[in-house]
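> If you scroll down you'll find the structure; I have some questions about it.
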Amino acid sequence: MSRNFKDQLLIAKQELFSNPSARIPVCFLLDTQDSREGKPTKSSWELAEFLIKDDISRFSVEVCTVIYGAISHVGDFGSLDLRKTSPSYKTEGELFLGDALKLAREKLRGRTQEYKGAGVDYHKPWLIVMTDSHATGDKALLDKEVAEIANQQRQNQLEILTIAIGNKVDLDVLEQISPEREPYRMQDGKFTEFYSWIAANLTKVSQSLPGEDYKLDMSQAYTWKEIMSTR
């Protein structure tokens, strides 16, 4: 584990007590198995750049990134205001989608437990899965994790977005991960527009009270989302 990654873990724990804002934990699962080599880390930092512009979301939104594929990395939680440079990542070796879903679920559960332990209010966690390839790896583990996550969505415990990039994606798996919301297909290269849209929605959540229902604002989704059916 790198020194920078350890420093981020320490900061994340310290700011539970120094920052009283209600949190929104967001975990991104970003696929590097196919053609998006090098893109996810740059794109995920674009989200932070949008969120930092708002005086509430910069203290409320915490982002954890799981980059999975042949070479996988994990960036842990922490408020964006204290991250003046791009986040550090810990290398995990090869991770498949089932492994990544399990890790994301554990990260979100662990962070919400830390909120509870520190007496910090929080909004419903978000899980955002972005992929451009078919799911591979241990099918039994994948089926188990998909069922666990889908059940959390049905019980209104988890906000889930699944994003298909390109035409090689296994849409059946994405539909199983998020049975309450269909997968969205991204227009070619519209990563910046997507992260701007996500940031706008998270900013609105940060301005609400924890526990309030929030309906995803799709009014600006046309800037990145394909109009045609995902099928």
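Where a number appears in this text, it was derived from the coordinates with a stated rule and is not lab data. In this text the structure is predicted, and so the values were computed from the model without any measurement. Backbone-built Cβ (ideal geometry, glycine too); neighbour counts: all protein chains shown.
> Of all GluC sites (Glu not before Pro) in the range 147-231, which ones are in loop regions per DSSP and have a Cβ with at most 11 other Cβ atoms within 10 Å? Before the final figure, lay out each step's value.
Working: sites: 148, 159, 175, 180, 193, 212, 226; in loops: 180, 212, 226.
Counting only loop positions with at most 11 other Cβ atoms within 10 Å, the GluC sites (Glu not before Pro) in the range 147-231 are 180, 212.
> While we're looking at this one, here's another question. Can you tally the net charge around residue 193? Count Lys and Arg as +1, Asp and Glu as -1, for every other residue whose Cβ sits under 13 Å from the Cβ of residue 193.
On the way: positive: 190, 225; negative: 46, 188, 226.
Computed value for this residue: -1.
> For a quick check of your reading of the filter: which chymotrypsin sites (Phe, Trp or Tyr not before Pro) in the range 125-231 sit in a DSSP loop and have no more than 16 other Cβ atoms within 10 Å?
On the way: sites: 126, 184, 191, 194, 195, 197, 214, 222, 224; in loops: 214, 224.
For chymotrypsin sites (Phe, Trp or Tyr not before Pro) across the range 125-231 that sit outside H, G, I, E and B with at most 16 neighbouring Cβ atoms in 10 Å, the list reads 214.
> Any chance you could run the full-extension gain for residue 221 through residue 192? It's 0.36 nm times the residue separation minus the Cα-Cα distance, nm to one decimal.
9.2 nm
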